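Beneath this line is the structure, given in structure tokens, with notes to follow.
Since every read-out is calculated from the coordinates, none of them should be taken as a lab result. The structure presented is a predicted model; accordingly, all values stated were derived computationally and were not measured. Here the Cβ positions follow ideal geometry from the backbone for every residue, glycine too, while neighbour counts run over all protein chains shown.
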């Protein structure tokens with residue numbers, strides 16, 4: 001079946017940082033509170049990205065002295081890298097070709113909304129399914145089902161692109177077509193048989209191949 005909807009992961013696909021929690025958030029927090037461990041920060045982030053605690057509560061629990069949560073959040077989000085510049089012309093081309101585009105991301109809802117608005121991504125996406133908004137994180141099958149229902153798309157008509165194999169495998173088990181995005185080309189597929197690309201510009205060729213294989 002022809003691909004109709006394309007689900008993009010955010011971090012590691014649209015944004016050129018695969019592990020934003022450990023590469024950006026942990027150093028940001030520990031620079032302001034050296035006593036907090038990376039494990040604590042990751043646990044707090046996991047709770048916030050499931051909607052179990054608010055962003056404000058996350059910052060309070062990080063125990064950063066003398067800083068208001070709002071100021072910390074603004075400073076942190078302002079430090080984020082911009083999306084891959086190749087995504088914008090690609091998205092326009094895909095939309096003009098009739099594809100419906102969406103985001104599927106593990107993130108804190110308001111943080112994702114801020115980054116999408118700041119970078120102009122919302123104008124290119126039909127919808128964004130964010131773990132903190134729906135209370136489910138990848139690789140739980142529930143979040144893929146939620147995205148399919150949100151888009152009213154059959155699994156076989158959906159292509160999901162993610163940089164983590166553990167997120168792709170359960171989607172494939174549901175009948176969703178999957179593609180791994182690897183910033184470093186030549187990474188092994190660990191016997192999964194899942195195809196991969198290392199540049200967003202390679203996606204149109206993959207879509208043509210999928211169409212011709214039907």
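A few comments on the model shown:
- Residue order for 134, 29, 13, 3, fewest other beta carbons within 10 angstrom first, comes to 134, 3, 29, 13.
- Stretched out straight at 0.36 nm per residue, the stretch from residue 1 to residue 97 would grow longer than its current Cα-Cα span by 32.9 nm.
- Order of 158, 5, 153 under a 10 Å beta carbon neighbour criterion, fewest first: 153, 5, 158
- For segment 72-115 versus segment 45-69, the spacing of their alpha-carbon centroids is 22 Å.
- Anisotropy class of segment 20-78 from Cα gyration tensor, a/c 1.5 cut: rounded
- Counting beta carbons within 10 Å around each of 119, 97 and listing the fewest first gives the order 97, 119.
- When shorter helices are ignored and each DSSP H run of at least 4 residues is given -39500 (n - 2.57), the per-residue value for the chain at 222 nm works out to -12000 deg cm²/dmol.
- Using the Cβ-Cβ distance between residue 183 and residue 60 with R0 set to 41 Å, the FRET efficiency from 1/(1 + (r/R0)^6) comes to roughly 0.75.
- The length gained on full extension between residue 140 and residue 37, counted as 0.36 nm times the residue separation minus their Cα-Cα distance, comes to 34.4 nm.
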